[in-house]
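What follows is one structure encoded as structure tokens, with my remarks underneath.
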């Protein structure tokens, strides 16, 4: 991984983490508006194992060095990964507007961990006891 993004909501950390792999290439998009980022098969296989183990989201951000435009893809999406390539759709622009979509990849477990713990006793659930 090349970097981490710590998500916030209204300036308050949510506890969500996004692991980021960054690739900078001049690769032209295919006819279907997807950039196929080449990664050696052995390296890609090793990376896939890492991406699937991390807590939080894992994305690849492709940056065009000439335009500095960046696009991203969810690395846990099996359709995004080929034998030696990661497919980055040009529709996934990496900017402020993508924050909500990327946040959804993290799930809600991190937000749940921030909630104050609630302690209960058997007597709180007397209606559940067998008679």
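Bear in mind these aren't lab numbers, they're just calculated from the coordinates by the rules spelled out. All of these numbers come straight from a predicted model, not from anything done at the bench. As a convention, Cβ positions derive from the backbone with ideal geometry for all residues, glycine included, and neighbour counts pool all protein chains shown.
What to note about this one:
- Gain upon complete extension [residue 66, residue 41; 0.36 nm per residue less C-alpha separation]: 6.3 nm
- Annotation: the antiparallel percentage among DSSP beta bridges lying fully within segment 13-90 is about 60.
- Helix 41-53 axis versus longest C-alpha principal axis of the chain: approximately 20°, rounded to the nearest ten.
- Per-selection Rg to Rh, segment 1-103 - Cα, Kirkwood hydrodynamic radius: 0.96
- Residue order for 24, 106, fewest other beta carbons within 10 angstrom first, comes to 24, 106.
- Among 32, 77, a tally of other beta-carbon atoms within 10 Å of each Cβ gives an order, fewest to most, of 32, 77.
- Each DSSP beta bridge with both residues in the chain is either parallel or antiparallel, and the antiparallel ones are about 70%.
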